[in-house]
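Worksheet for the structure shown next.
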Amino acid sequence: MKITKVYIVIALSLTFLINSHQPVNALVEGWYAPFSDDGYSVYDNPDHQSIGTEDQGNKIVIQDNGKMLVAGFSLPPFGYTNMVVWQINPDGSVDSTFASDGTFVSDLFSGNDEGKDIAISSEGKILITGYGHQGADTSDMVVWCLNPDGAYDTDFGSNGYVTFDGGYGDDTGNGIHIMTDGSFLVTGSITNSTSSTDLAIWKYDRNGNLDTSFGTESGYTTYSPVITDNDVGNVITTLEDGSIILGGSVSVSAAVCRFNSEGEIDSSFGTESGCETFSIGFVSSILGLEILNDNKVIASGFTSQLGFPNPTYDYFLMKLNSDGTKDNSFNSTETTPGILRFGKIGAMDVISYPGNRLLTTLFDYSDGFILSMLDSAGELDSSFDSDGIANKHLEDNTEELSCGMDHNKRGLIVSTGITIDDLGNQDMSIWIYQHAYQIYNLDNTLDVKDTDLRNIETGSENGLVSENFVYLLHNTETYLALIEADFTHDLNWDRVIGQSDIVGSRSFIKNLTEGENTASSFSLFVPKRPEHDTLLICPEASALEEVKQNCMDGIVRHEQDENVSTVTIEGLDYWKVDGITGTGAISYSHDSLSETGSFTYVDQVIAIGIFILIRRFTEKHPLE
């Protein structure tokens, strides 16, 4: 009996040892499993005062710590909507340290109020814009300011908020953009004297005071080509020169407009005296907007067609050149170059994504929430979720709609909106997709591991784990380099070459810095024997064979030298040389030089110098 127990213990121990050394897959692309219910969660807080039958997220931002802030509204069983900000932990739980049990609820207005957009300043202040309604009266544009803990910032405006009343009717803020100096812009609409709405831009300083030097109205500006038409701004951003780009609608057309930094319309932009418009159908509008690296503009929106009993909607992307004209290279094969139409019910947001790509959210009641990735020409990027499209549909009897999205450097793509069940209950929802950045076209003699020594399959669903460093190996066993790169992009290492020779105690690497964002720096590993005390760097080497003790321009280094150290990885000792960009190096014992007769380049120079001195001496003093 005791012998049997001993065998069982041995078997279990062996099983543990075997399993503990199995390779662990790196990050898997797809819906982010650690978040609530496999990358998807709904939020309904009936126990919270003023939270009731409807909850909706309009815009979302993901913070450096992985927590998410969502701005929207909640409708209690009886009464009016309240502006709400939720803070959600990375695992999907509500952050109870924020405001009251994780949810900030505005109680400023007696009527409907709503948060339409949200942004975080460099100081951690949370700015939300929207509107507040005083009972049966008209609504005012509102900007709320919260501290990071969800409490009002009482130094901002009037105890944490500012309002604007144009005097003729409903005024609203739809989009907000914080600038580098802490001041911020809001876009939306102001009702004019004809009861129509004008597109509006407000500018405030960081403390919530209108910047009276901005615009035509002492702190704000309006735009309306035809005063009796309804015009509105939905999203806003700026260029490096301070120019303002916004998206919305002018009359019944979707519009992207440019204003200068003083708030004046820039008539040189677009084909409509400061705007570029697009309309197919009854009403069109821009809902999402991004500036690309070349100052081109990408905008998402919808256009509606009259229909009975319900109108139909069509989703589109519009790409503009920096001068506001349509970019005909985008979707160039179709009948409307510069415009990409998806035929889905709608889309609410678009963001530029590393690698010159675009991310956009779509929705279709039959397919639920849809996330698509496109290349710069408007083609689906098949490397994303195998076909460029990922969708999440909870059940056949539910409807999902996305309103806004964001992403971070860890490859997490987050979106918020609503889920409506078969009983008509509407809940705020969040979706999270994990995009795994890839290393493509790596030589088959080379391999990659993350800093937890987990294998990373190149060009497959297993990608980088969003750290800034990876290991490069030669023939899967010898560590060649520790690489720091910009891993907010897929990496193309088709020209990278490298070798490591354990027997010869030498390593070589080249071409890591070629190509955009491929590598910013790396440390070279050189196999080291216990008796070795010297490292020779061969900066001019173009192949492993040229890494030798008599290489040209050799640089001798020892462990005590700066940027040189010794490390042990998986039982093998290495020299680690930091701060280089591409080279080779060889390890040896200094004492072995006299035994092998090998000389470094420095030794050769000294020997040649001695030879020249001897020769000159003998020329002056010939032997008799």
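The values are calculated or read from the model by the stated rules, or taken from the named source; none is laboratory data. Source: prediction; values computed, not measured. Heavy atoms of the whole protein, side chains included, go into the accessibility calculation; ligands, DNA and RNA do not. Shrake-Rupley method; radii C 1.70, N 1.55, O 1.52, S 1.80 Å.
Leaving ligands, DNA and RNA out of it, report the carbon-plus-sulfur percent of the accessible area of segment 56-158 at a 1.4 Å probe. On segment 56-158, the fraction of accessible area on carbon and sulfur atoms equals 47 percent. Largest accessible area first, the listed residues H532, H177 line up as H177, H532 when surface is computed with a 1.4 Å probe on the assembled protein chains.
Solvent-accessible surface (1.4 Å probe) assigned to S304 amounts to roughly 10 Å². Taking all protein chains together and a 1.4 Å probe, the residues T335, T568, T194 rank T335, T568, T194 from largest to smallest accessible area.
Can you classify segment 143-289 as rounded, prolate or oblate using the Cα gyration tensor, where a ≥ b ≥ c are the square roots of its eigenvalues, rounded means a/c under 1.5, and otherwise it's prolate if a/b beats b/c and oblate if not? Prolate, because a/c is 1.5 or more and a/b exceeds b/c. The heavy atoms of V503 present about 120 square angstrom of accessible area, all protein chains included, probe 1.4 Å. Is the shape of segment 79-175 rounded, prolate or oblate, going by the alpha carbon gyration tensor and its root eigenvalues a ≥ b ≥ c, with a/c under 1.5 for rounded and a/b larger than b/c for prolate? The shape class here is prolate. Accessible surface ranking for T197, T216, T360, 1.4 angstrom probe, highest first: T216, T197, T360. Which percent of the accessible area of segment 213-262 is formed by carbon and sulfur heavy atoms (probe 1.4 angstrom)? Heavy-atom surface of segment 213-262 belonging to carbon and sulfur, 1.4 Å probe: 43 percent. Taking square-rooted eigenvalues a ≥ b ≥ c of the alpha carbon gyration tensor, is segment 112-156 rounded, prolate or oblate, where a/c under 1.5 means rounded and, failing that, a/b exceeding b/c means prolate? Prolate, since a/c reaches 1.5 and a/b exceeds b/c.
The apolar share of the surface of segment 491-571, taken as the fraction of accessible area on carbon and sulfur atoms (1.4 Å probe, ligands and nucleic acids excluded), comes to 43 percent. Full extension of the chain between D37 and R529 yields a length gain of 172.0 nm, computed as 0.36 nm times the residue separation minus the alpha carbon distance. Partners of K203 within straight-line reach, counting aspartates and glutamates whose Cα lies under 12 Å from its Cα and excluding those fewer than 8 residues away in the same chain: D211, E217, E262.
Taking all protein chains into account, the per residue accessible area for segment 163-262 stands at 38 Å² (1.4 Å probe). The figure for E546 is an accessible area of roughly 80 square angstrom, using a 1.4 Å probe on the protein chains alone.
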